[in-house]
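One structure is given below, encoded as structure tokens.
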Amino acid sequence: IMKRKLRRKIYVAGAIRSPHCMKLLDNLRKGMRVCTEFILEGYAPFCPFIDFLLIFQLQPGEVITEDDILDYSVSFVPGLEIMYVVPGYEDSAGVQPEIELALTLNIPVFYDKECALGYLRAGSKEA
């Protein structure tokens, strides 16, 4: 018997890539912070902002491509309760297809965290 609590799932989308190192790091920081806040609120965010950790552990000869990362990430969209989009996504080429997929699947997309939390708190649905 499972003793863990199943949490309601959120996809956290946002800009990651940037030609400027400090902007890339800032994008990662913002996204990871939002995911941390959702965890502290009791939800289960999918956090693409930590995908870079997969690259760090590759063995010689192994390759994970950008397409691999994008395909694996978007595979989490179906079955989510909501998508939250981190502010600053507007110049991101990767976020718009994620938003479009969520909308196609009738998954609510939020651009304001308090509105997202309000929506989640208003519902009593468990995972």
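The values are calculated or read from the model by the stated rules, or taken from the named source; none is laboratory data. Not measured: the values here are computed from a predicted model. Neighbour counts are summed over all protein chains in view; Cβ atoms, including those assigned to glycine, are modelled from backbone coordinates with ideal geometry. Surface areas here come from the heavy atoms of the whole protein model, side chains and all, with no ligands, DNA or RNA. Shrake-Rupley method; radii C 1.70, N 1.55, O 1.52, S 1.80 Å.
E114 meets all of the listed conditions (1) loosely packed, with under 13 Cβ neighbours inside 10 Å; (2) closer than 26 Å to F52 by Cβ; (3) acidic (D, E); (4) modelled with pLDDT of 90 or more but one, namely (2).
So F49 fits all but one of (1) in contact with a Phe, Trp or Tyr (Cβ under 9 Å, 6 or more places away or on another chain); (2) under 18 Å from Y111 (Cα atoms); what number is the exception? Here F49 clears every test but (1). Return yes when Q59 is open to solvent by 40 Å² or more (accessible area, probe 1.4 Å) and part of a loop (DSSP other than H, G, I, E, B) and no when it is not. Criteria met by Q59.
Any idea which residue in region 1-27 is nearest to P108 (Cα to Cα), counting only those that are outside any loop (DSSP other than H, G, I, E, B) and open to solvent by 20 Å² or more (accessible area, probe 1.4 Å)?
K9
Within region 68-111, being in a loop (DSSP other than H, G, I, E, B), open to solvent by 60 Å² or more (accessible area, probe 1.4 Å) and within 24 Å of L6 (Cα to Cα) holds for S75, F76, P78, G79, L105, N106. Go through region 36-51 and give me each residue that's open to solvent by 70 Å² or more (accessible area, probe 1.4 Å) and part of a helix (DSSP H, G or I). Correct list: I39, L40, I50.
Of the residues making up region 53-72, not a single one is over 11 Å from A13 (Cα atoms), of a type in the set (A, V, I, L, M) and touching a Lys or Arg at 6+ places or on another chain (Cβ under 9 Å).
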